[in-house]
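K.L.:
Please see the structure below; I have some questions.
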Amino acid sequence: MASSVPGLRPLPESRYDLDTYWGRVKHCAEVSDPRMLLNTSTDIENARTLISEYRNGKGPMTPELWRAKRVLDSTLHPDTGVPVLLPFRMSSYVLSNLVVTVGMLTPGMGTAGTLFWQIANQSLNVAVNTANANKSHPLTTQQLITNYFLAVSGSCSVALGLNALVPRLKNVSASTKTVLSRLVPFAAVVSAGLVNVFLMRGEEIRKGISVYDKDNRDLGSSKKAATYAVGETALSRIINATPVMAIPALVLVRLQRGVLRGKSNLAVTATNLGLITVTSFAALPFALAIFPQKLTFPVDKLEDKFKDVKDKDGNPVKEVWFNRGM
């Protein structure tokens, strides 16, 4: 992110009001814009130079500088300032997930297909989480491997278990069973996503995350803030997965009873691909914007050590803020 470029002058977080939902939607749309993948190493270095000049006191924010910030926000890791590997950037999120999402939502897969696509999805999730993880509490190789196998085991167990359970449901119509079977991948992705979040960010809960006052002074680490941040991130994973994993599956069921009735598998697959692509690009910014990245929290809900903290003017600190993470 652009904030990783050193300098004395604070850099504006966004050209939009991040305290409003619509402002966050527009901001997330910019950060996840796949056109940012077309930036070359020269574009990135030029953007870094412009932001460095601004942070060291040269001129006001201009459209050119906002463009430079957008390039860096969609490319650089916020802790290291090093470009994130291209397939794992937020601007590549939809494209990287498209193939595995289509695979998971393909109707009529057998056991082998279900296992393959759930493993592929969790492999991608772990790669994205690792590439974008907070570097203050890095996970060991053993922890990464453990998290990976637990996430894979969770998603495969849910998918296979529900696939076996749905056909055995009694007093349920055939059409309802069809709908439930199409939602099995959604349930598997959500359950594994929740496991993945708490495993990948377990160190934050154990050690705490930094909280800041209104003047951006680091007041120390809070485990309660970390628990809240990780919990809200877990909830955001459900919200992010819902439109992409649920809407196309339900629409496809409806279409197969109508215009796609009797059509070839190729037509069904092409329609499925189109539904997932359109839903992914349209829904992602709205889902990402549900919760702000920068959260404010009352001091009286944190540990006792924060209750007597004073600001730089000697007044009691009533609220703190912290970065929720992704």
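K.L.:
How many of the residues making up the stretch 248-295 are farther than 29 Å from ASP17 by Cα and either under 14 Å from the mean Cα position of the chain (by Cα) or not charged (D, E, K, R) (or both)?
P.N.:
Result for the stretch 248-295: 25.
K.L.:
So, in the stretch 65-84, of the ones that are part of a helix (DSSP H, G or I) and out of contact with any helix residue (DSSP H, G or I) (no Cβ under 7 Å at 6 or more places or on another chain), which residue ends up surrounded by the fewest Cβ atoms within 10 Å (Cβ to Cβ)?
P.N.:
Restricting to residues being part of a helix (DSSP H, G or I) and out of contact with any helix residue (DSSP H, G or I) (no Cβ under 7 Å at 6 or more places or on another chain), the top hit is ARG67.
K.L.:
Same structure, new question: Determine whether the stretch 56-79 contains at least one residue that is touching a Gly at 6+ places or on another chain (Cβ under 6 Å) and either more than 21 Å from PHE281 (Cα to Cα) or not assigned by the TED database to the domain that holds THR271 (or both).
P.N.:
For the stretch 56-79, residues touching a Gly at 6+ places or on another chain (Cβ under 6 Å) and either more than 21 Å from PHE281 (Cα to Cα) or not assigned by the TED database to the domain that holds THR271 (or both): present.
K.L.:
If you don't mind, there's one more thing I want to ask. What's the total number of residues in the stretch 199-212 that are buried (at least 18 other Cβ atoms within 10 Å of the Cβ) and either in contact with a strand residue (DSSP E or B) (Cβ under 6 Å, 6 or more places away or on another chain) or over 30 Å from ASN315 (Cα atoms) (or both)?
P.N.:
7
K.L.:
Of all residues in the stretch 277-295, which are surrounded by fewer than 18 Cβ atoms within 10 Å (Cβ to Cβ), modelled with pLDDT of 85 or more and outside any helix (DSSP H, G or I)?
P.N.:
Result: ILE290, single match.
K.L.:
Next up: Among the helices (runs of 4 or more DSSP H) lying completely within the stretch 85-181, list those that include at least 2 residues that are surrounded by fewer than 17 Cβ atoms within 10 Å (Cβ to Cβ) and free of Cβ contacts under 8 Å to residues at least 24 places away in the same chain.
P.N.:
Ranges flagged: 111-131, 141-165.
K.L.:
Now for a separate question. Just to check your reading of the model, which residue among GLY274, GLY262 is on the phi > 0 side of the Ramachandran plot and surrounded by fewer than 17 Cβ atoms within 10 Å (Cβ to Cβ)?
P.N.:
GLY262
K.L.:
What number goes with the only condition from (1) surrounded by 16 or more Cβ atoms within 10 Å (Cβ to Cβ); (2) part of a helix (DSSP H, G or I) that ARG254 does not pass?
P.N.:
Condition not satisfied by ARG254: (1).
K.L.:
Restricting the search to the stretch 2-49, which residues are among the acidic types (Asp, Glu) and open to solvent by less than 40 Å² (accessible area, probe 1.4 Å)?
P.N.:
GLU30, ASP33
K.L.:
Out of the stretch 2-59, which residues are among the aliphatic types (A, V, I, L, M) and either over 18 Å from the mean Cα position of the chain (by Cα) or at positive phi (or both)?
P.N.:
Within the stretch 2-59, ALA2, VAL5, LEU8, LEU11, LEU38, ILE44, ALA47, LEU50, ILE51 qualify.
K.L.:
Can you tell me which residues in the stretch 226-244 are of a type outside the set (Gly, Ala, Ser) and open to solvent by 10 Å² or more (accessible area, probe 1.4 Å)?
P.N.:
Across the stretch 226-244, the qualifying residues are THR227, TYR228, GLU232, LEU235, ARG237, ILE238, ILE239, ASN240, THR242, PRO243, VAL244.
The values are calculated or read from the model by the stated rules, or taken from the named source; none is laboratory data. Keep in mind that what you see is a predicted model, and the values were worked out from it rather than measured. Neighbour counts run over all protein chains shown; Cβ positions are idealised from the backbone, glycine included. Surface accessibility is based on the protein's heavy atoms, side chains included, excluding ligands, DNA and RNA. Shrake-Rupley method; radii C 1.70, N 1.55, O 1.52, S 1.80 Å.
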